[in-house]
Amino acid sequence: MIKVENLTKAFGPNLAVNNVSFSVARGEVLGFLGPNGAGKSTSMRMITGFIPPTAGSITVGGYDVVETPIPAKRLMGYLPENAPGYADMTVRGFLHFIAELRGLKGGARRAAVNRAVELCFLDAVLYQTIDTLSKGYKHRTCLAQALIHDPDVLILDEPTDGLDPNQKHEVRNLIKRMGANKAIVFSTHILEEVEAVCSRVIIIDRGRIVANGTPAELKARSETAGAVHLRARGPSAVLHERLSRVPGAARVEIISESQNGVEARVYPAPSATATLTRSVAELAAREGWQLDEIHTEEGRLDEVFRTITLPDTVKAAA
Amino acid sequence: MNAWANIKAIMKRELGGYFTSPIAYVFLVIFLLLTGFFTFTVGNFFERGDASLVSFFTWHPWLYLFLVPAVGMRLWSEERRLGTLELLLTLPITTWQAIVGKFLASWLFLALALALTFPVIITVNWLGNPDNGVILAGYVGSLLLAGAYLAISCMTSAMTRNQVISFILSVMICLFLILAGYTPVTDLLTRFANPIVTQIVAAFSVMTHFEGFQRGVLDARDVIFFASVIGFALFTTGLIIRNQRAG
Ligand SMILES: Nc1ncnc2c1ncn2[C@@H]1O[C@H](COP(=O)(O)OP(=O)(O)O)[C@@H](O)[C@H]1O
Ligand SMILES: [Mg+2]
């Protein structure tokens, strides 16, 4: 549904977006991840036709966004960053206005507004003006606006920003549910969100794509992916020494030590990881350690995120 | 068809915006008080002794100088300040539909303000026997004049998110359009410059083109002048918005 090729945006000498290419099919939820200033919002502004690209092409549903903006825009719903809205309008008036410009008339318009109100839980504030709304309601009003015509493509710039944990949960579920038959791109810097909702993740840093894959694939790139985490009783020096000699172990880290036992992590060598947990468990049985806990780690997205979006200065020092 | 529906939707929202805030009513009251003041006090309506609205229309270029930019200054600045510009321009409408819709809404609002001056027509008809055709021409001219100022305010409003700057800029441009044909200025100019030059400068003035309407003359050239100012300013508005988006 969305096809982005060699997209570039320059603001003066700065490349906010630098040669970005990706595509999103129907049924996919693409998470756009990156530190502040990475170029997420700029990319989304170009996809939705708000600002023209410096170079590259964007098509939505087969329509070029620059050449044929109107049919392309018809297919999209867009939640801009900071969820803007007309301060002096009521929520209901605002949604009716957007529905009207989306070409909905009469009964269809009323039905669309009601549906969006229901999806975004706006009943309580329907007749309140937008400038009197709390941040969460303001955000959901703008989200409702994006959903009003039940678009095939949704572009959501930080859709859970400013929501409380319950609302975040609701919005994530909503995105996930809608993702089944739409193409959705949403940006965030909350990592758990990506794991909970996305079928695919793009990490963008200083305008460039630095990673592209499923959440599981990205997590597997983490240092701790495949590591064995265990808690056992015994002197830590002995544990450390024995664990280091397990076949397939690259390095052992003692995380903590207390009267509850020693917590340790065994990092896998680049090759044999599949059997590491079993090897560690067998060692514990042989040595007669009292084992309170043992599991294989999946890896952590925040770790991957931090290593690949590290500032240059830190990379140079490392 | 579709274009008109979009323009209408934007007009409706914009007009609604005027009336949900007290600003619209404050504006109407100020407008009516000022027209009354200028017509009857400064303009010596009664002392003139003729049944016409000359003393009413004479002041319109000056009155509008401040009142019209006050109406137009928010048109685009507000969209930029609130960030709603991003919503508006990613909807399936063209930029010119948004520009025309916003312009027409404000023009309609100014037309309403002007229509509310009807008691002055009743008064003059009650006191004497005016030529109502001349009065109608005056109203048409006044509306076109307001439209020209409004289109300029629309343009300056697109330049900045600061309404005060937008207001000052449009007052300055409109003032220039008055002064270029204001008799004291043209008199001064003829003393230093070739009369042809003076005439050319005056041809750009709203004063020169508004004068005919006040005398009841509907000259196509005057109508074309105001229509061109409106067209040019709205076109420039479109260019400004496009340039800003290009970054
Ligand atoms: N209109 C603009 N003019 C100049 N620079 C801009 C503009 N918009 C964004 N930028 C710059 O582009 C970069 C990317 O910004 P943005 O896309 O907002 O990042 P993100 O949404 O990932 O936080 C930033 O360095 C920002 O300063
Ligand atoms: Mg952003």
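The values are calculated or read from the model by the stated rules, or taken from the named source; none is laboratory data. Everything quoted here is computed from the prediction, not taken from an experiment. FYI the Cβ positions are ideal-geometry reconstructions off the backbone, even for glycines, and counts take in every protein chain you see. In case anyone asks, the SASA skips ligands and DNA or RNA and just uses the protein heavy atoms, side chains included. Shrake-Rupley method; radii C 1.70, N 1.55, O 1.52, S 1.80 Å.
In summary, the aspartates and glutamates within cross-link reach of A:LYS9, defined as a Cα separation below 19 angstrom excluding same-chain residues under 8 places away, comprise A:ASP64, A:GLU67, A:GLU81, A:ASP157, A:ASP205, B:GLU86. Per-residue mean of foreign Cβ neighbours for A:82-90 is 6 (Cβ atoms of other chains, 10 Å radius).
For chain B, the pair-distance distribution built from all alpha carbon pairs, in bins 5 Å wide starting at 0, is 1, 6, 12, 17, 18, 15, 13, 9, 5, 3, 1, 0, 0 percent. Distance between the pseudo-spin-label points of A:ILE255 and B:ARG245 (7 Å out from Cα toward the beta carbon): 5.1 nm. Neighbours of A:ALA225, meaning other residues whose beta-carbon lies under 15 angstrom from its beta-carbon, give a summed charge of -2 when Lys and Arg score +1 and Asp and Glu score -1.
In chain B, helical runs assigned H by DSSP with n ≥ 4 each contribute -39500 (n - 2.57); averaged across all residues and rounded to the nearest 500, the mean residue ellipticity at 222 nm is -26000 deg cm²/dmol.
Straight Cα distances below 14 angstrom link B:LYS8 to the aspartates and glutamates A:GLU100, with same-chain residues fewer than 8 positions distant left out.
Determine the calculated [θ] at 222 nm for chain A from helices alone, applying -39500 (n - 2.57) to every DSSP H run no shorter than 4 residues and normalising by the residue count; nearest 500 deg cm²/dmol.
Numbers: 12 runs with 115 residues, N = 318.
Taken over chain A, the calculation gives -10500 deg cm²/dmol.
For chain B, the solvent-accessible area with a 1.4 angstrom probe is 47 square angstrom per residue.
Measuring r between the beta carbons of B:TRP96 and A:SER199 and using R0 = 41 Å, the FRET efficiency lands at 0.55.
Across the cross-link table entries A:LYS3/A:LYS73; A:LYS40/A:LYS105; A:LYS138/A:LYS168; A:LYS40/A:LYS138, which are compared at the Cα atoms, the separations over 23 Å belong to A:LYS40/A:LYS105.
For the protein assembly as shown, the residue among B:GLY36, A:VAL17, A:TYR86 whose Cα projects farthest onto the positive side of the dipole built from Cβ charges is A:VAL17. Hey, for a label at A:ASN14 modelled as a point 7 Å past Cα toward Cβ, could you say which residues of the range B:224-247 have their backbone N under 15 Å away? In the range B:224-247, the label zone of A:ASN14 (backbone N under 15 Å from the point 7 Å along Cα→Cβ) covers B:247.
Counting only protein heavy atoms and rolling a 1.4 Å probe, how much accessible area do A and B lose on contact, total for both sides, in Å² to 100?
Details: alone 15280 and 12760 Å², together 25600 Å².
What A and B bury together is about 2400 Å².
For the residues B:PHE118, B:PHE66, B:PHE176, a GNM of chain B with alpha-carbon springs under 10 Å puts the largest fluctuation on B:PHE118. Of all aspartates and glutamates in the structure, the ones whose alpha carbon falls short of 12 Å from that of A:LYS135, not counting any fewer than 8 places away in one chain, are A:ASP161, A:ASP164.
Roughly speaking, to the nearest percent, how much of the protein assembly as shown's 1.4 Å accessible area is carbon and sulfur? Before the final figure, lay out each step's value.
Values: 15380 of 25600 Å².
Within the protein assembly as shown, the accessible surface is 60 percent carbon and sulfur.
What is the average number of partner chain Cβ atoms found within 10 Å of a Cβ in B:2-10? Let's see the in-between values first.
Working: counts 2, 0, 0, 4, 3, 0, 1, 8, 3.
The mean count of partner-chain Cβ atoms within 10 Å per residue comes to 2.
Ranked by the mean number of other Cβ atoms within 10 Å per residue, highest first, peptides A:98-109, A:142-153 order as A:142-153, A:98-109.
Here each label is just a point 7 Å from Cα along the line to Cβ, and for A:GLU293 and B:PHE19 those points are 6.6 nm apart. Considering the options B:LEU188, B:LEU75, B:PRO61, tell which one lies farthest towards the positive end of the dipole of the range B:3-246, charges being +1 on Lys and Arg and -1 on Asp and Glu at the Cβ, about the Cα centre. Most positive-ward Cα: B:LEU75. Neighbouring Cβ atoms from other chains, within 10 Å of the Cβ of residues in A:140-147, number 1 on average. For chain B, modelled as a GNM whose springs connect Cα atoms under 10 angstrom apart, the maximal fluctuation among B:MET159, B:MET172, B:MET207 occurs at B:MET172.
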